Amino acid sequence: MKKHPFTNKLLQWHKTIDRELPWKSTSDPYKIWISEIVLQQTRVSQGTSYYLKLIKNYPTVQDLANSSEDELFSHWQGLGYYSRARNLHKAAKIIATEYNGTFPKLYSQILQLPGIGPYTAAAISSFAYNLPHAVVDGNVYRVLSRYFDSHEPIDTSTGKKKYQQIADQLIDRDKAALYNQAIMDFGALICTPSQPHCDTCPMQYDCKALAEATAHMLPVKTRKIKRKTRKFVFFVIQNGDAVIIEKRQNNDIWKALYQFPMLESTSTITEESIIKLMLPRVMNIKHFNIRSYNSHQQKLTHQDIFAHIIHLTTTEQITDHTFTPINKLAYYAFPKVLQQWIETHLLSSQKVIN
DNA sequence: AAATCGGGGAT
DNA sequence: ATCCCAGATTT
(Lines give C-alpha, C1' and ligand atoms only; values in the text may rest on other atoms or scores of the structure.)
Protein backbone atom coordinates (compact mmCIF):
# COMPACT_ATOMS: atom_id res chain seq x y z
CA MET A 1 0.00 0.00 0.00
CA LYS A 2 1.38 3.35 -1.06
CA LYS A 3 2.25 5.67 1.76
CA HIS A 4 1.25 9.31 1.91
CA PRO A 5 4.08 11.80 1.31
CA PHE A 6 3.44 13.06 4.83
CA THR A 7 4.21 9.64 6.25
CA ASN A 8 7.36 9.23 4.20
CA LYS A 9 8.77 12.61 5.10
CA LEU A 10 7.83 12.23 8.75
CA LEU A 11 9.64 8.93 9.10
CA GLN A 12 12.59 10.26 7.15
CA TRP A 13 12.80 13.28 9.44
CA HIS A 14 12.54 11.16 12.55
CA LYS A 15 15.77 9.37 11.68
CA THR A 16 17.61 12.67 11.98
CA ILE A 17 16.54 13.56 15.51
CA ASP A 18 17.47 12.18 18.91
CA ARG A 19 14.91 12.72 21.65
CA GLU A 20 15.70 10.33 24.46
CA LEU A 21 13.03 9.89 27.09
CA PRO A 22 12.99 7.32 29.91
CA TRP A 23 9.92 5.46 28.65
CA LYS A 24 11.17 5.18 25.08
CA SER A 25 13.76 2.55 25.87
CA THR A 26 11.27 -0.09 26.98
CA SER A 27 8.60 -2.23 25.40
CA ASP A 28 7.12 -3.18 28.78
CA PRO A 29 3.42 -2.32 28.40
CA TYR A 30 3.21 -1.62 32.13
CA LYS A 31 5.90 1.05 32.06
CA ILE A 32 4.51 2.52 28.85
CA TRP A 33 1.09 2.64 30.46
CA ILE A 34 2.43 4.47 33.51
CA SER A 35 4.19 7.00 31.31
CA GLU A 36 1.10 7.66 29.22
CA ILE A 37 -1.14 8.21 32.22
CA VAL A 38 1.39 10.51 33.85
CA LEU A 39 1.73 12.51 30.64
CA GLN A 40 -1.98 13.05 30.03
CA GLN A 41 -2.40 16.83 29.78
CA THR A 42 1.04 17.09 31.34
CA ARG A 43 4.30 18.30 29.85
CA VAL A 44 7.19 15.91 29.58
CA SER A 45 9.28 18.24 31.73
CA GLN A 46 6.70 18.14 34.50
CA GLY A 47 5.87 14.43 34.37
CA THR A 48 9.28 12.80 33.99
CA SER A 49 10.28 12.81 37.65
CA TYR A 50 6.87 11.39 38.61
CA TYR A 51 7.24 8.60 36.06
CA LEU A 52 10.65 7.66 37.45
CA LYS A 53 9.34 7.78 41.02
CA LEU A 54 6.36 5.55 40.19
CA ILE A 55 8.44 2.97 38.32
CA LYS A 56 10.90 2.85 41.18
CA ASN A 57 8.23 2.36 43.83
CA TYR A 58 6.07 0.06 41.71
CA PRO A 59 8.30 -1.93 39.32
CA THR A 60 5.46 -4.21 38.23
CA VAL A 61 1.70 -4.03 37.90
CA GLN A 62 1.47 -6.42 40.84
CA ASP A 63 3.32 -3.96 43.07
CA LEU A 64 0.91 -1.25 42.03
CA ALA A 65 -2.13 -3.44 42.59
CA ASN A 66 -0.87 -4.43 46.04
CA SER A 67 -0.36 -0.85 47.15
CA SER A 68 -3.00 1.33 48.73
CA GLU A 69 -4.70 4.20 47.00
CA ASP A 70 -3.41 6.58 49.66
CA GLU A 71 0.17 5.46 49.11
CA LEU A 72 -0.13 5.91 45.36
CA PHE A 73 -1.62 9.34 45.96
CA SER A 74 1.35 10.32 48.12
CA HIS A 75 3.58 9.69 45.10
CA TRP A 76 1.16 11.51 42.78
CA GLN A 77 0.97 14.55 45.06
CA GLY A 78 1.50 17.79 43.17
CA LEU A 79 0.98 16.40 39.69
CA GLY A 80 -2.73 17.23 39.44
CA TYR A 81 -5.66 15.49 37.78
CA TYR A 82 -5.80 13.02 40.64
CA SER A 83 -8.50 10.87 39.08
CA ARG A 84 -5.65 9.56 36.96
CA ALA A 85 -4.12 8.02 40.08
CA ARG A 86 -7.43 6.56 41.21
CA ASN A 87 -8.06 5.00 37.83
CA LEU A 88 -4.46 3.78 37.63
CA HIS A 89 -4.94 1.90 40.87
CA LYS A 90 -8.31 0.52 39.75
CA ALA A 91 -6.87 -0.68 36.47
CA ALA A 92 -3.89 -2.30 38.19
CA LYS A 93 -6.26 -4.35 40.32
CA ILE A 94 -8.23 -5.37 37.24
CA ILE A 95 -5.07 -6.46 35.45
CA ALA A 96 -3.90 -8.35 38.53
CA THR A 97 -7.15 -10.23 38.98
CA GLU A 98 -8.87 -10.51 35.59
CA TYR A 99 -5.69 -10.76 33.51
CA ASN A 100 -3.62 -12.67 36.05
CA GLY A 101 -1.07 -9.87 36.21
CA THR A 102 -0.36 -9.88 32.48
CA PHE A 103 -1.07 -6.64 30.66
CA PRO A 104 -3.85 -7.17 28.06
CA LYS A 105 -2.70 -7.34 24.46
CA LEU A 106 -5.83 -6.34 22.55
CA TYR A 107 -6.66 -2.71 21.80
CA SER A 108 -10.29 -3.36 22.77
CA GLN A 109 -9.25 -4.78 26.15
CA ILE A 110 -6.82 -1.96 26.84
CA LEU A 111 -9.43 0.65 25.94
CA GLN A 112 -11.82 -0.75 28.53
CA LEU A 113 -9.45 -0.16 31.46
CA PRO A 114 -10.34 2.84 33.64
CA GLY A 115 -8.41 5.97 32.78
CA ILE A 116 -7.54 4.73 29.30
CA GLY A 117 -9.21 6.44 26.37
CA PRO A 118 -8.58 6.39 22.62
CA TYR A 119 -5.22 8.14 22.81
CA THR A 120 -3.72 6.05 25.60
CA ALA A 121 -5.04 2.78 24.17
CA ALA A 122 -3.45 3.61 20.83
CA ALA A 123 -0.18 4.63 22.47
CA ILE A 124 0.13 1.42 24.50
CA SER A 125 -1.00 -0.77 21.61
CA SER A 126 1.54 0.70 19.25
CA PHE A 127 4.51 1.27 21.54
CA ALA A 128 4.27 -2.07 23.33
CA TYR A 129 2.86 -4.34 20.62
CA ASN A 130 3.36 -2.36 17.39
CA LEU A 131 -0.37 -2.57 16.66
CA PRO A 132 -1.54 -0.15 13.93
CA HIS A 133 -3.55 2.31 16.03
CA ALA A 134 -2.83 5.98 15.40
CA VAL A 135 -2.39 8.26 18.39
CA VAL A 136 -4.23 11.58 18.34
CA ASP A 137 -2.99 13.92 21.04
CA GLY A 138 -2.47 17.66 21.16
CA ASN A 139 0.59 17.37 18.95
CA VAL A 140 -1.25 15.39 16.31
CA TYR A 141 -4.20 17.79 16.20
CA ARG A 142 -1.79 20.65 15.62
CA VAL A 143 0.34 18.90 13.00
CA LEU A 144 -2.55 17.55 10.95
CA SER A 145 -4.70 20.67 11.10
CA ARG A 146 -1.76 22.69 9.81
CA TYR A 147 -0.51 20.26 7.21
CA PHE A 148 -3.97 20.11 5.63
CA ASP A 149 -4.98 23.64 6.65
CA SER A 150 -8.03 22.15 8.34
CA HIS A 151 -10.10 24.61 10.33
CA GLU A 152 -12.29 21.83 11.67
CA PRO A 153 -12.47 22.37 15.45
CA ILE A 154 -10.64 19.80 17.53
CA ASP A 155 -12.92 20.07 20.58
CA THR A 156 -16.12 18.73 19.03
CA SER A 157 -17.06 15.09 18.66
CA THR A 158 -17.28 15.34 14.87
CA GLY A 159 -13.93 17.10 14.71
CA LYS A 160 -12.27 14.47 16.85
CA LYS A 161 -13.67 11.74 14.61
CA LYS A 162 -12.35 13.39 11.48
CA TYR A 163 -8.83 13.86 12.81
CA GLN A 164 -8.78 10.27 14.07
CA GLN A 165 -9.79 9.09 10.58
CA ILE A 166 -7.04 11.13 8.94
CA ALA A 167 -4.51 9.82 11.44
CA ASP A 168 -5.63 6.24 10.81
CA GLN A 169 -5.06 6.74 7.09
CA LEU A 170 -1.63 8.30 7.48
CA ILE A 171 -0.11 5.78 9.89
CA ASP A 172 2.48 3.36 8.58
CA ARG A 173 0.75 0.16 9.60
CA ASP A 174 4.00 -1.79 9.54
CA LYS A 175 5.83 0.74 11.71
CA ALA A 176 3.08 1.86 14.06
CA ALA A 177 5.32 2.49 17.05
CA LEU A 178 7.87 4.40 15.01
CA TYR A 179 5.23 6.47 13.24
CA ASN A 180 3.35 7.42 16.40
CA GLN A 181 6.56 8.37 18.12
CA ALA A 182 7.62 10.40 15.11
CA ILE A 183 4.49 12.49 14.79
CA MET A 184 4.50 13.43 18.46
CA ASP A 185 8.21 14.28 18.38
CA PHE A 186 7.54 16.32 15.27
CA GLY A 187 4.80 18.30 16.99
CA ALA A 188 6.95 18.85 20.05
CA LEU A 189 10.13 19.87 18.22
CA ILE A 190 9.15 21.39 14.84
CA CYS A 191 5.43 22.11 14.57
CA THR A 192 5.26 23.90 17.92
CA PRO A 193 2.18 25.83 19.12
CA SER A 194 3.79 29.23 18.74
CA GLN A 195 6.53 30.16 16.30
CA PRO A 196 6.77 26.80 14.56
CA HIS A 197 10.10 26.05 12.89
CA CYS A 198 8.76 26.24 9.37
CA ASP A 199 12.10 27.35 7.94
CA THR A 200 13.69 24.03 8.83
CA CYS A 201 10.53 21.96 8.52
CA PRO A 202 10.78 18.93 6.22
CA MET A 203 7.12 19.49 5.27
CA GLN A 204 7.47 23.15 4.31
CA TYR A 205 6.75 22.52 0.63
CA ASP A 206 3.69 20.38 1.41
CA CYS A 207 2.20 22.21 4.39
CA LYS A 208 -0.97 24.03 3.39
CA ALA A 209 -1.06 26.19 6.49
CA LEU A 210 2.36 27.54 5.66
CA ALA A 211 1.21 28.31 2.12
CA GLU A 212 -1.88 30.04 3.45
CA ALA A 213 -0.07 31.60 6.40
CA THR A 214 -2.64 30.17 8.80
CA ALA A 215 -0.40 28.07 11.05
CA HIS A 216 -0.65 30.51 13.94
CA MET A 217 -4.45 30.11 14.15
CA LEU A 218 -4.44 26.33 14.01
CA PRO A 219 -5.74 24.14 15.42
CA VAL A 220 -9.17 25.70 15.94
CA LYS A 221 -10.97 25.35 19.25
CA THR A 222 -14.58 26.40 19.77
CA ARG A 223 -14.91 26.57 23.48
CA LYS A 224 -13.25 29.10 25.73
CA ILE A 225 -12.56 28.31 29.35
CA LYS A 226 -14.29 30.33 32.01
CA ARG A 227 -12.79 30.40 35.44
CA LYS A 228 -14.88 30.69 38.59
CA THR A 229 -13.67 32.08 41.87
CA ARG A 230 -13.90 30.03 45.04
CA LYS A 231 -13.01 30.90 48.60
CA PHE A 232 -11.89 28.11 50.93
CA VAL A 233 -11.18 28.46 54.64
CA PHE A 234 -9.00 25.73 56.16
CA PHE A 235 -8.64 25.20 59.90
CA VAL A 236 -5.41 23.67 61.08
CA ILE A 237 -6.26 22.43 64.56
CA GLN A 238 -3.11 21.39 66.37
CA ASN A 239 -3.00 19.56 69.67
CA GLY A 240 0.54 18.80 70.74
CA ASP A 241 2.37 17.42 67.72
CA ALA A 242 -0.78 16.32 65.86
CA VAL A 243 -3.27 18.04 63.55
CA ILE A 244 -6.73 17.14 62.32
CA ILE A 245 -6.91 15.97 58.73
CA GLU A 246 -9.73 14.51 56.67
CA LYS A 247 -10.27 13.05 53.21
CA ARG A 248 -12.13 14.97 50.52
CA GLN A 249 -15.07 12.84 49.45
CA ASN A 250 -17.24 14.86 47.10
CA ASN A 251 -17.07 14.90 43.33
CA ASP A 252 -15.15 18.13 43.38
CA ILE A 253 -11.64 19.35 42.89
CA TRP A 254 -9.00 17.38 44.83
CA LYS A 255 -11.30 14.40 45.33
CA ALA A 256 -9.72 11.75 47.59
CA LEU A 257 -6.90 14.03 48.67
CA TYR A 258 -6.46 15.00 52.31
CA GLN A 259 -7.11 18.42 53.75
CA PHE A 260 -7.77 20.23 57.00
CA PRO A 261 -11.36 20.75 58.14
CA MET A 262 -12.72 23.50 55.97
CA LEU A 263 -15.71 25.29 54.59
CA GLU A 264 -16.38 27.22 51.44
CA SER A 265 -17.56 30.81 51.72
CA THR A 266 -19.14 33.25 49.32
CA SER A 267 -18.89 36.28 51.60
CA THR A 268 -15.94 38.46 52.48
CA ILE A 269 -13.42 36.68 54.63
CA THR A 270 -11.60 38.29 57.54
CA GLU A 271 -9.72 36.77 60.42
CA GLU A 272 -12.52 37.88 62.72
CA SER A 273 -15.28 36.32 60.61
CA ILE A 274 -13.32 33.11 60.43
CA ILE A 275 -13.16 32.82 64.23
CA LYS A 276 -16.60 34.15 65.13
CA LEU A 277 -18.76 32.80 62.30
CA MET A 278 -17.00 29.98 60.52
CA LEU A 279 -15.13 28.06 63.19
CA PRO A 280 -18.32 27.22 65.16
CA ARG A 281 -19.78 25.72 61.99
CA VAL A 282 -16.78 23.44 61.49
CA MET A 283 -16.30 22.17 65.03
CA ASN A 284 -17.10 22.87 68.64
CA ILE A 285 -13.89 24.18 70.14
CA LYS A 286 -13.79 26.53 73.09
CA HIS A 287 -10.21 27.19 74.06
CA PHE A 288 -7.57 27.82 71.46
CA ASN A 289 -4.73 30.12 70.46
CA ILE A 290 -4.28 31.60 67.01
CA ARG A 291 -0.81 30.86 65.76
CA SER A 292 -1.04 32.21 62.21
CA TYR A 293 -3.39 33.29 59.46
CA ASN A 294 -2.42 33.25 55.80
CA SER A 295 -4.10 33.69 52.44
CA HIS A 296 -2.95 32.11 49.21
CA GLN A 297 -4.26 32.40 45.68
CA GLN A 298 -4.03 29.48 43.29
CA LYS A 299 -5.00 29.87 39.67
CA LEU A 300 -6.13 26.62 38.07
CA THR A 301 -7.53 26.00 34.63
CA HIS A 302 -11.17 26.22 35.69
CA GLN A 303 -10.98 27.73 39.13
CA ASP A 304 -9.40 30.70 40.84
CA ILE A 305 -9.03 29.54 44.41
CA PHE A 306 -8.44 31.78 47.39
CA ALA A 307 -7.28 29.60 50.27
CA HIS A 308 -7.43 31.07 53.76
CA ILE A 309 -5.52 28.98 56.27
CA ILE A 310 -5.78 29.62 59.99
CA HIS A 311 -3.58 27.74 62.40
CA LEU A 312 -5.00 27.12 65.87
CA THR A 313 -3.46 25.32 68.84
CA THR A 314 -5.56 23.76 71.54
CA THR A 315 -5.39 21.19 74.32
CA GLU A 316 -8.99 20.06 73.87
CA GLN A 317 -9.84 16.57 72.70
CA ILE A 318 -12.15 16.88 69.71
CA THR A 319 -14.35 13.89 69.02
CA ASP A 320 -15.31 12.74 65.51
CA HIS A 321 -12.05 14.07 64.13
CA THR A 322 -8.79 12.30 63.37
CA PHE A 323 -5.57 13.72 64.75
CA THR A 324 -2.49 12.81 62.75
CA PRO A 325 1.08 13.40 63.96
CA ILE A 326 2.85 16.06 61.93
CA ASN A 327 5.72 13.73 61.16
CA LYS A 328 3.24 11.35 59.50
CA LEU A 329 1.75 13.91 57.13
CA ALA A 330 4.15 12.89 54.36
CA TYR A 331 2.14 9.69 53.99
CA TYR A 332 -0.91 11.67 52.88
CA ALA A 333 -1.43 13.60 49.67
CA PHE A 334 -2.55 17.20 50.00
CA PRO A 335 -3.49 19.82 47.42
CA LYS A 336 -0.50 21.85 46.38
CA VAL A 337 -1.53 24.94 48.28
CA LEU A 338 -1.85 22.95 51.53
CA GLN A 339 1.31 20.98 50.86
CA GLN A 340 3.28 24.21 50.61
CA TRP A 341 1.67 25.62 53.72
CA ILE A 342 2.55 22.45 55.64
CA GLU A 343 6.15 22.67 54.54
CA THR A 344 6.59 26.26 55.61
CA HIS A 345 4.43 26.32 58.74
CA LEU A 346 4.55 22.82 60.22
CA LEU A 347 7.74 21.16 59.01
CA SER A 348 10.51 23.67 58.45
CA SER A 349 9.57 26.18 61.13
CA GLN A 350 8.74 23.68 63.83
CA LYS A 351 12.24 23.56 65.25
CA VAL A 352 12.36 27.32 65.37
CA ILE A 353 9.15 27.51 67.39
CA ASN A 354 10.16 24.82 69.86
C1' DA B 1 -22.36 18.34 23.73
C1' DA B 2 -20.41 20.71 27.47
C1' DA B 3 -18.27 20.96 31.81
C1' DT B 4 -14.79 19.38 34.84
C1' DC B 5 -10.51 17.72 36.60
C1' DG B 6 -4.32 20.57 38.56
C1' DG B 7 -0.43 22.47 38.12
C1' DG B 8 3.34 24.60 35.65
C1' DG B 9 5.79 27.00 32.11
C1' DA B 10 5.98 29.76 27.92
C1' DT B 11 4.27 33.73 25.57
C1' DA C 1 -3.47 37.43 31.49
C1' DT C 2 -3.91 33.48 28.14
C1' DC C 3 -2.62 29.23 26.16
C1' DC C 4 -1.12 24.56 26.19
C1' DC C 5 0.37 20.27 27.82
C1' DA C 6 1.74 12.27 25.01
C1' DG C 7 -6.84 13.30 27.58
C1' DA C 8 -10.52 10.96 30.15
C1' DT C 9 -14.63 11.07 32.62
C1' DT C 10 -18.79 13.01 34.35
C1' DT C 11 -22.70 15.82 33.80
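One quarter of the convex hull surface built on the alpha carbon atoms of the stretch A:228-353 amounts to 7.7 nm², the projected area averaged over directions. What FRET efficiency would be calculated for the residue pair A:Ser292, A:Ser45, taking the C-beta separation as r and a Förster radius of 41 Å, to the nearest 0.05? Efficiency, from the Cβ-Cβ distance: 0.75.
Here each label is just a point 7 Å from Cα along the line to Cβ, and for A:His4 and A:Glu272 those points are 6.7 nm apart.
Rg ratio for chain A: its Cα radius of gyration over 2.2 N^0.38 Å, N being its residue count, equals 1.20. Averaged per residue, chain A has 52 square angstrom of accessible surface, using a 1.4 angstrom probe with ligands and nucleic acids left out. Between A:Gln303 and A:Lys228, the built amide H atoms are under 5 Å apart, and every one of these is 5 or more places off in sequence or on another chain. Gaussian network model of chain A, Cα springs within a sub-10 Å range: biggest mean-square fluctuation belongs to which of A:Lys224, A:Lys299, A:Lys105? Answer for the Gaussian network model of chain A: A:Lys224. What is the percent carbon and sulfur in the accessible area of chain A, measuring with a 1.4 Å probe over the protein chains and ignoring ligands? C and S atoms contribute 50 percent here.
Fully extending the segment from A:Cys198 to A:Lys247, taken as 0.36 nm per residue of separation minus the present Cα-Cα distance, adds 12.7 nm.
The slack in the chain from A:Arg281 to A:His302, taken as 0.36 nm per residue of separation less the alpha-carbon distance, amounts to 4.8 nm.
Close amide H pairs (under 5 Å, H built 1.01 Å from N) link A:Val220 with A:Ile154, residues at least 5 positions away or on another chain.
For the stretch A:73-126, the list of chymotrypsin sites (Phe, Trp or Tyr not before Pro) that fall in a loop by DSSP and count at most 15 other C-beta atoms within 10 angstrom reads A:Tyr81, A:Tyr99. With a cut-off of 18 Å on the backbone N, the residues of the stretch A:222-254 near the modelled label site 7 Å out from A:Ser157 along Cα-Cβ are A:222-223. Checking every one of the trypsin sites (Lys or Arg not before Pro) in the stretch A:34-73 against DSSP loop status and a limit of 14 other Cβ atoms within 10 Å picks out A:Arg43. With both labels modelled 7 Å from their Cα along Cα-to-Cβ, the A:Lys226 to A:Thr313 distance reads 4.7 nm.
Coupling constants for the stretch A:266-280 follow from the phi torsions by the Karplus curve (6.51 cos²θ - 1.76 cosθ + 1.60, θ = phi - 60°), and in residue order they are 10, 9, 5, 10, 10, 4, 5, 5, 4, 6, 7, 9, 8, 4, x Hz; glycine and proline get x. Antiparallel versus total DSSP beta bridges in chain A: what percent is that, nearest 5? Among the beta bridges of chain A, antiparallel pairing accounts for roughly 65 percent. The Rg/Rh ratio of the stretch A:55-108, with both radii computed over alpha carbons and Rh defined as the Kirkwood radius, is 0.99.
Taking only the C-alpha atoms of the stretch A:21-152, Rg followed by Dmax gives 15.0, 49 Å. Amide H to amide H distances under 5 Å link A:Leu263 with A:Val233, where only residues 5 or more positions off or on other chains count and H is placed in the peptide plane. The stretch between A:Asp320 and A:Leu52, if pulled fully straight at 0.36 nm per residue, gains 92.6 nm over its current Cα-Cα span. Couplings 3J(HN,Hα) for the stretch A:129-145, derived from phi with the Karplus relation 6.51 cos²θ - 1.76 cosθ + 1.60 (θ = phi - 60°), are 10, 6, 7, x, 10, 7, 7, 10, 10, x, 4, 5, 4, 5, 5, 5, 4 Hz, where x marks Gly and Pro.
In this simple spin-label model, placing a label point 7 Å from the Cα along the Cα-to-Cβ direction at both A:Asp70 and A:Met217 gives a separation of 5.4 nm. Taking only alpha carbon atoms, the stretch A:105-215 gives an Rg to Rh ratio of 0.99, where Rh is the Kirkwood radius. Select from A:Val143, A:Val61, A:Pro114 the residue farthest towards the positive end of the dipole of chain A; place +1 on Cβ of Lys and Arg, -1 on Cβ of Asp and Glu, and compute about the Cα centre. Looking along the dipole axis, the top candidate is A:Val143. Under a Gaussian network description of chain A, with springs only between Cα atoms under 10 Å, the residue in A:Asp137, A:Asp63, A:Asp18 that fluctuates furthest is A:Asp18.
Angle between the Cα long axis of helix A:83-98 and the longest principal axis of chain A, 0 to 90 degrees, nearest 10? The two axes meet at around 70 degrees.
Go through A:Lys299/A:Lys328; A:Lys53/A:Lys90; A:Lys90/A:Lys221; A:Lys105/A:Lys255 and tell me which ones have a Cα-Cα distance over 25 Å in this structure. Result: A:Lys299/A:Lys328; A:Lys90/A:Lys221; A:Lys105/A:Lys255 exceed 25 Å.
The values are calculated or read from the model by the stated rules, or taken from the named source; none is laboratory data. Given the structure is predicted, the values throughout are model-derived calculations rather than measurements. FYI the Cβ positions are ideal-geometry reconstructions off the backbone, even for glycines, and counts take in every protein chain you see. These accessible areas exclude ligands, DNA and RNA; they are computed on the full protein's heavy atoms, side chains included. Shrake-Rupley method; radii C 1.70, N 1.55, O 1.52, S 1.80 Å.
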